[in-house]
1. With a 10 Å cut-off between alpha carbons and a GNM built on chain A, which of A:CYS234, A:CYS145, A:CYS162 moves the most?
2. What is the sum of charges around B:TYR172, taking Lys and Arg as +1, Asp and Glu as -1, for the other residues whose C-beta is under 13 Å from the C-beta of B:TYR172?
3. One decimal, nm, shortest first: give the distances between the label point of A:LYS316 and those of the same position in the other copies, each label point 7 Å from Cα along Cα→Cβ.
4. Using only Cα atoms, tell me the angle between helix B:268-283 and the longest principal axis of chain B; keep it within 0 to 90° and round to the nearest 10.
5. Given region B:1-122, report the % of alpha carbon pairs whose separation exceeds 22 Å.
6. List the GluC sites (Glu not before Pro) within region B:238-311 that DSSP assigns to loop and that have no more than 15 neighbouring Cβ atoms inside 10 Å.
7. Using only the Cα atoms of region B:122-163, construct the convex hull and provide its projected area averaged over every direction, in square nanometres to one decimal.
8. Considering the convex hull of the alpha carbon atoms of region B:4-60, report its projected area averaged over all viewing directions, in nm², one decimal.
Number of protein chains: 2
Amino acid sequence: MKVSVLGCGRWGSFLAWYNYRLGNKVISWGTEGTPSYDVLLRERKNEYVEFPDGITLTSDLEFAVANADTVIISISSQGLRGFLKRVTRCDAKGKTFVLCMKGIEESTGKRLSEVAIEEGIDRENIAVWVGPGHIQSFVKGIPNCMVIDSYRKDLTHRLADCFKSDLIRFYYGGDIIGTEVGAAAKNVMGIVAGILDGMNLGELKGPLMSRGAREVARLTKALGGSEFSAYGLCHLGDYETTLFSKYSHNRMWGELYAKGEKFDRLAEGVATAGALTLLAEKYGVDMPITKQVHELVLHNTPPKQALAMLFDRNAKEEFYL
Amino acid sequence: MKVSVLGCGRWGSFLAWYNYRLGNKVISWGTEGTPSYDVLLRERKNEYVEFPDGITLTSDLEFAVANADTVIISISSQGLRGFLKRVTRCDAKGKTFVLCMKGIEESTGKRLSEVAIEEGIDRENIAVWVGPGHIQSFVKGIPNCMVIDSYRKDLTHRLADCFKSDLIRFYYGGDIIGTEVGAAAKNVMGIVAGILDGMNLGELKGPLMSRGAREVARLTKALGGSEFSAYGLCHLGDYETTLFSKYSHNRMWGELYAKGEKFDRLAEGVATAGALTLLAEKYGVDMPITKQVHELVLHNTPPKQALAMLFDRNAKEEFYL
């Protein structure tokens, strides 16, 4: 396979490294002048991976797209639409696009594959690759499980079979709506986990997992997906990585928030909470946890008050819709 | 309410303490000559709670049963049948029995409420109270969420409303089969989590949560329960407490197993893995994780080999039944 990975941040650089390890011909693309690209250009490595000589590093988008059959995109979710306007001006026709990203467009509530379709990528050629895994661990040889999903079963199978290795065991997803919503929403739960950690209430992460996945399942169903997908690798399977890991940016964002501090890196869950709240209102779905995160971001609610609103004491049916 | 708590180990002593805090009239029963009873008799406290004077401590089972309208049982699961033969010889008629225990009878694969019914307790009067929570945290005032379930909606609601407080928020369960199977099965997943921790593969707990809950959901459905219950507080909601906590006996059992050591306290998941494997075979349900734990206990399989059998590299549909 000829694979170009667009985006060379934490995940993008890993994906280039991983695809090279699989034996693919790999181009890694980044934007000149950005720290993540410049460090790779200068040192052929970053804090996560070292690029073997065989990986072609470029800032020429046309070159990267033209010389691939499979284009993996790993950039910030909220920037996808604008970026795709540039990509589709290249020789993109007929190529397979794999979105290795977790988010929902904040202004529209659209899933990332929907954004891609609106920007002119053929839906038959779009797949998503999500699920758990720390780059820091993969490069040490610690394996994990991930999921590929798309609008076409044969594409899902083909890609999962191509990308599998001793490091990543793939499952075939069967519900791209649920897979994308779940992958995005886990970042919101990561923020809540961080708030709980910051308040020394880490064990409430148990109920958070159960109630959090539940509201994501409700939304997914309302959007036409499967109520089970939130319990798959895309969401629940990513909870260890997101809710319990020191590496998770979203969890860290929440923890610092609880302590009255600010986290200076991108926490995708902040925008995703807004997007999901929009969808929840549009489809009339009860998502108390997600909504609370959105409120808290908007109004800078004191964490103790935000938590009290979540943890009221009235008993409830566990599986209401 | 007049509540007698039968069993005064870790959970039993907490439940007596908690019910007294709720304002109930409380009797705590234990067996004379056992360490957990003797320490309470001598010091009116154990390593977890201190008994206020208002709690009546006794080793007289007839007295404890006769003087309660609600009997909470918290003993070792595998001992339940024999114990109930003693209880039903007391003045037990018409009283409410609440099982605060997590297990499946190893020799028969029966749920604990089924065992109780077989031993003569009226099914209309049986409830279960399960879900997450560390006693060590409750006594410090850290709240959590739990679930009550039974064969009768009105009993479920009445008990949850009686037992709720600022420490425990209750959800009403709606599927006693799923609630009991889920509660028992989480101990099996706790053992696997410990094995992963012991092998420095803790991040595989992400996939474990997703795939583990999935196989429990499959079994529950085959038994006539709801496929969703495993994702409720009884199972998934208890994963933080079981898979991530230093207090969990089952997790610790697994961790020491991985390190070639032996854990000397009761790990209910060992017997439960056997019981669930029995059920899985009887009902033709695929439960690779649970079965592997049972095999490992039986044959003392090296942990690395056990893990390799779980983590084969063939891609799979994520939500096969």
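1. Answer for the Gaussian network model of chain A: A:CYS162.
2. On the way: positive: A:LYS316, B:ARG152, B:LYS153, B:ARG158, B:LYS164, B:ARG169; negative: A:GLU317, A:GLU318, B:ASP149, B:ASP154, B:ASP161, B:ASP175.
After counting each charged neighbour, the total is 0.
3. Here the equivalent label points are 3.2 nm apart from this one.
4. Result, in degrees: 60.
5. 30 percent
6. Within region B:238-311, the qualifying GluC sites (Glu not before Pro) (loop, at most 15 other Cβ atoms within 10 Å) are B:GLU261.
7. So the mean shadow area of the Cα hull is 3.2 nm².
8. Working: hull surface 12.9 nm².
Mean shadow area of the hull around the Cα atoms is 3.2 nm².
The values are calculated or read from the model by the stated rules, or taken from the named source; none is laboratory data. Here the structure is a predicted model, which means the values were calculated and not measured. For neighbour counting, all protein chains shown are included, and Cβ atoms are generated from backbone atoms with ideal geometry for every residue, glycine included. When the accessible area is computed, the model is the full protein with side chains, heavy atoms only, and any ligands, DNA or RNA have been set aside. Shrake-Rupley method; radii C 1.70, N 1.55, O 1.52, S 1.80 Å.
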